[in-house]
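A short write-up of the structure that comes next.
Every read-out reported here was derived from the displayed coordinates using simple, explicitly stated rules and does not represent laboratory data. Small disclaimer: the values here were computed from a predicted structure and weren't measured. A quick note on method: Cβ atoms are made from the backbone with ideal geometry, for glycine too, and the neighbour counts reach across all protein chains shown.
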Amino acid sequence: MVRIVLDAGHGGQDSGAVGNGLREKDLTLKIVKQIGCMLDDYEGVEVHYTRTDDRFIELCGRAEIANKLKADFFISVHINAGGGTGFESYIYNGYVSSATIAYQNVIHAEIVKAIGNVKDRGKKRADYAVLRETHMPAILTENLFIDNANDAAKLKSDQFLQQIAYGHIIGLGKAFGLKKKGEKLPCKKFL
Ligand SMILES: [Zn+2]
């Protein structure tokens, strides 16, 4: 059984980045709920969330949820800002296991594949609290730029958000060798 914690970035009074009529906290929640919904179609996986509604949680509180659950993997979903375009992913820039690096390699590649004609900004490392404080392999994805008009136009499309979720799912499936349930009907699309 693989226990995965899905972390929708920001929430509550913390909107995250805003731009082009979009708020990061809304997009991350939509994507994470879609990922969770699609993960239900796989066997051998247990899905947990740091939040499933619009609420504020401290960064350390997010890591604590995963640590208390003794999760196998933590994935934090964000939208970028600050003048750029495209997709990038992060793991901690201190010590990480070789598994963490392997998971980033496969998940990053599958997201890039799934979202089509989007700039690949690369696999990066940073001292982000949720990556540092989690006691299990952890990745943070930055899914396009909310303050870039072209990126924002994509992010306004539920179909594109589904593509982002799909990339995460295929990546997680490959990283953890997840198999689809034979008997269950496909998940009703959240978006
Ligand atoms: Zn963010």
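Just checking, does region 72-80 include any residue being over 16 Å from residue 129 (Cα atoms) and of a type outside the set (A, V, I, L, M, F, W, C)? Explain how you work it out, then say what you get.
Within region 72-80, the subset over 16 Å from residue 129 (Cα atoms) is 72, 79-80.
From what's left, of a type outside the set (A, V, I, L, M, F, W, C): 72, 80.
Yes: one or more hits.
Tell me which residues, restricted to region 143-178, are within 16 Å of the ligand (Cβ to nearest atom), surrounded by fewer than 23 Cβ atoms within 10 Å (Cβ to Cβ) and not in a helix (DSSP H, G or I).
Once the filter is applied, which keeps residues that are within 16 Å of the ligand (Cβ to nearest atom), surrounded by fewer than 23 Cβ atoms within 10 Å (Cβ to Cβ) and not in a helix (DSSP H, G or I), region 143-178 yields 147, 148.
Taking interchain pairs and intrachain pairs at least six residues apart, which have beta carbon atoms under 6 angstrom, with the first residue in region 123-138 and farther than 12 Å from residue 95 by Cα and the second outside any loop (DSSP other than H, G, I, E, B) and charged (D, E, K, R)?
124/88; 130/62
Given the conditions (1) within 15 Å of the ligand (Cβ to nearest atom); (2) assigned to a strand (DSSP E or B); (3) not acidic (Asp, Glu), and given that residue 125 satisfies all but one, which numbered condition is not satisfied?
(1) is the only condition that residue 125 fails.
Please determine, by comparing only the residues of region 79-108 that are closer than 9 Å to residue 139 by Cβ and without any contact (Cβ under 8 Å) to a residue 60 or more places away in the chain, which one is surrounded by the most Cβ atoms within 10 Å (Cβ to Cβ).
Of all residues in region 79-108, those closer than 9 Å to residue 139 by Cβ come to 89-91, 100, 103-104, 107-108.
Filter again for without any contact (Cβ under 8 Å) to a residue 60 or more places away in the chain, leaving 89-91, 100, 104.
Values: 89: 26, 90: 22, 91: 23, 100: 19, 104: 24.
Step by step, filter region 79-108, then rank; the result is 89.
Filtering region 41-61 down to residues that are surrounded by 15 or more Cβ atoms within 10 Å (Cβ to Cβ) and closer than 13 Å to residue 172 by Cα, which residue is nearest to the chain's Cα centre (by Cα)? It would help to see each step written out before you state the result.
Going residue by residue through region 41-61, those that are surrounded by 15 or more Cβ atoms within 10 Å (Cβ to Cβ) are 41-42, 45, 47-51, 54, 57, 59.
Filter once more, so that each one left must be closer than 13 Å to residue 172 by Cα: 41-42, 45, 47.
Values: 41: 18, 42: 17, 45: 16, 47: 13 Å.
Checked region 41-61; the qualifying residue nearest to the chain's Cα centre (by Cα) is 47.
Name the single residue that is nearest to the ligand (Cβ to nearest atom) among those in region 129-142 being of a type outside the set (Lys, Arg) and surrounded by fewer than 18 Cβ atoms within 10 Å (Cβ to Cβ). Show your work before the answer.
Of region 129-142, the ones of a type outside the set (Lys, Arg) are 129-131, 133-142.
Remaining after also requiring surrounded by fewer than 18 Cβ atoms within 10 Å (Cβ to Cβ): 129, 135.
On the way: 129: 12, 135: 22 Å.
Here the answer is 129.
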